[in-house]
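Remarks on the structure that follows.
The values are calculated or read from the model by the stated rules, or taken from the named source; none is laboratory data. Since we're looking at a predicted model, the values are computed, not measured. Surface accessibility is based on the protein's heavy atoms, side chains included, excluding ligands, DNA and RNA. Shrake-Rupley method; radii C 1.70, N 1.55, O 1.52, S 1.80 Å.
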Amino acid sequence: MKVSRTLRLVLGDQLNSRHSWFDAVDDSVTYVMMEVRTETDYALHHIQKVVGFFVAMRGFSESLSAAGHHVVYFSLDDPANRQSIPANLQQLLDAETYTQFEYQYPDEYRVDVILKDFCAALPIAWQAVETEHFYTRRETLADFFAGKKTLLMESFYREMRRKHGVLMDCGQLLTGQWNYDEDNRKKLPREHRVTPPLVFDNDVSPILSAVNATDINTIGTIDARHFVWPVNREQSLQLLDFFVEACLPLFGSYQDAMVPQQWSLYHSRLSFSMNTKMLAPAEVIDAAVAAWQANPDAIAYHQLEGFVRQIIGWREYMRGIYWMKMPEFGTLNFLDHQAPLPEWYWTGKTKMHCLRDSIGQSLQWAYAHHIQRLMVTGNFALLAGVAPDAVDGWYLGIYIDALEWVEITNTRGMSQFADGGIVGTKPYVSSAAYIDRMSHYCGTCYYNKAKKTGDKACPFNSLYWNFYDRHRDKLERSPRIGMVYKLWDRMKQEDKAALLEQATFYLTNIDKL
Ligand code: FAD
Ligand code: SF4
């Protein structure tokens with residue numbers, strides 16, 4: 001009689017120890033995990049991202065083995081490693097008699113295609129199963145918006161709250177309002193002392209040495225003896241506890257604030273733990289709600305609602321958009337932007353304080369918070385007309401949490417408006433006024449935030465008007481943008497000409513800014 005044996009693939013971002021696959025030890029099942037060059041080389045990654053993923057994967061594989069599961073692990077330097085997912089799978093299937101192959105649905109379209117192609121040629125049975133991580137399935141968002149003209153995040157968010165009973169009481173709002181955005185988003189007072197972030201002290205030198213022994217190209221720096229990111233579920237839970245206790249009470253208030261040398265303020269830094277599935281979004285939300293219930297005097301409701309919205313709203317929404325719109329989404333360039341990324345995006349060497357700080361901390365920590373990504377680096381790239389492929393390449397590489405499903409929807413969609421308004425209803429661009437309102441950057445900048453033209457005029461000011469002038473035919477009709485053109489039309493002709501001339505000068509000399 002033929003013995004049934006199953007080979008199950010666990011990808012590097014599927015470190016979900018609570019997946020039903022692992023409920024019981026089954027001697028007929030072999031799990032395979034692998035560190036492969038196709039994954040290290042599809043983008044120019046930050047060194048902390050490459051190392052962080054591999055350390056977390058190794059730890060996960062060890063914990064599976066310790067629990068009694070049979071695991072095959074291909075490390076980067078394993079001579080048997082064929083350095084691609086299909087090649088390693090084929091090798092295992094050739095060497096042993098398996099009767100079934102199984103994988104969890106990948107989050108990335110690229111990997112989905114690789115696995116579908118692989119399975120199409122398999123002579124044995126196969127199946128793909130849910131990752132049991134998200135609130136939604138891939139097609140939930142598309143089903144929800146079927147027949148509707150716009151894909152408004154707020155309506156999706158409300159539906160998610162209703163469906164999953166989050167911050168609801170028997171189908172009714174806990175408080176009278178869905179969204180408390182207007183209570184959030186304050187500038188940090190100068191005298192405020194920020195609570196230092198919880199960082200870990202992981203020694204990741206062995207993996208760094210293995211990566212350094214290859215010709216894998218990376219960016220950024222790493223302190224391998226004191227690696228700060230959580231690399232397993234225990235550390236991820238510690239970071240979650242720290243967040244709800246020390247950061248949630250001020251999360252919403254200072255969600256959009258930016259302060260030099262303060263790299264994460266009251267943000268959770270849970271994106272790496274969640275995107276690798278070491279933590280589930282539902283347990284993060286449950287922990288935040290429980291902390292609020294236990295101590296409503298310390299955590300105002302608007303802080304909690306702002307946080308919940310990011311996860312059950314934006315995170316699930318972006319995933320739904322990705323699966324609804326890929327692969328076309330990856331080719332969109334509504335504004336026909338073609339410029340290269342300024343050189344200093346890779347070094348942080350610019351006189352613009354906001355960009356120097358945001359890029360500098362990204363290279364140092366593989367992290368920047370949302371408003372730095374959106375309103376500093378993203379804002380500038382959009383104003384400068386950088387090609388969306390180049391912008392995507394940068395974001396996909398530099399952040400430890402960057403996986404295409406959540407990177408491209410944020411970058412090409414929300415930040416670069418290359419989707420023409422699928423994700424956001426207007427481009428996220430601003431002059432110096434917004435950055436100054438939310439940050440402490442401008443006061444010590446080489447450039448003058450108040451100047452629009454002339455020596456040391458802040459580049460954001462002229463580039464902002466140049467952007468709107470250049471894209472008038474595509475943007476003017478939008479009801480959320482029309483006001484900008486009214487202001488532009490009211491300006492004197494010579495002032496407009498001076499602004500456009502200043503912008504042209506900056507764009508021509510962009511690498512010297
Ligand atoms: P917090 O501010 O503490 O927020 C809590 C959680 O909410 C995050 O961990 C994240 O899971 C979720 N969240 C918040 N905003 C968003 C959003 N817009 N989309 C999806 N989830 C959100 N996020 C990634 O996880 N990977 C990326 O590659 C990524 N690229 C981005 C690129 C650009 C241009 C922009 C503007 C945003 C990007 N984001 C990305 C979204 C967001 O900036 C990060 O999720 C967040 O900064 C991660 O830090 P945190 O965990 O401290 O978040
Ligand atoms: Fe950035 Fe302009 Fe402010 Fe300088 S003045 S920090 S370049 S917005």
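DSSP finds beta bridges in the chain, and of those with both partners inside it, around 10 percent are antiparallel. Here's how it looks for Ala457: its modeled amide H is under 5 Å from those of Asn448, which are all 5 or more places away or on a different chain.
In straight-distance terms, cross-link reach from Lys452 covers every one of the lysines whose alpha-carbon lies under 21 Å from its own, apart from those fewer than eight places away in the same chain; here that gives Lys351, Lys486, Lys492, Lys496, Lys512. Relative contact order of the stretch 203-361, taken over Cα pairs closer than 8 Å and 6 or more residues apart, is 21 percent. Here the chain exposes an accessible surface that is 52 percent carbon and sulfur, computed with a 1.4 Å probe and the other protein chains kept in place.
Rounded to whole Å, the principal axis extents of the Cα atoms in the chain read 88, 54, 50, largest first.
What whole number of Å gives the distance from the Cα centroid of the stretch 1-46 to the Cα centroid of the stretch 211-226? When both Cα centres are located, 25 Å separates them.
Average accessible surface for the chain: 42 Å² per residue, computed with a 1.4 Å probe over protein heavy atoms with every protein chain in place. Taking a straight line from the alpha carbon of Lys163, not one of the aspartates and glutamates sits under 12 Å away once near neighbours fewer than eight places off in the same chain are left out. Our note on the geometry: Cα centres of the stretch 302-321 and the stretch 161-198, 11 Å apart.
The calculated 222 nm mean residue ellipticity attributable to helices in the chain amounts to -11500 deg cm²/dmol, summing -39500 (n - 2.57) over DSSP H runs of n ≥ 4 and dividing by all residues. Computed over the Cα atoms of the stretch 343-512, pair by distinct pair, the Kirkwood hydrodynamic radius stands at 16.4 angstrom. Derived scalar couplings between HN and Hα for the stretch 194-211 equal 6, 5, x, x, 6, 10, 9, 10, 6, 8, 10, 4, x, 6, 4, 4, 4, 5 Hz in order, rounded to whole Hz, by the Karplus curve 6.51 cos²θ - 1.76 cosθ + 1.60 (θ = phi - 60°), x for Gly and Pro. Rounded to a whole number, what is D in µm²/s for the stretch 6-129 from Stokes-Einstein with the Kirkwood radius over alpha-carbon pairs (25 °C, 0.890 mPa s)? Using the Kirkwood radius from Cα pairs, D works out to 164 µm²/s.
A Cα-only calculation for the stretch 140-325 places Rg and Dmax at 18.8, 58 Å. Ignoring aspartates and glutamates fewer than eight residues from Lys426 along the same chain, the ones with Cα atoms less than 17 angstrom from its Cα are Glu154, Asp336, Asp469, Asp473, Glu476. With contacts taken as Cα pairs under 8 Å at a separation of at least 6 residues, the chain carries a relative contact order of 16 percent. The value for the stretch 103-171 of Rg(Cα) / (2.2 N^0.38 Å) is 1.51.
Shape descriptor for the stretch 301-360: Rg over Rh equals 1.15 (Cα atoms; Rh from the Kirkwood inverse mean 1/r).
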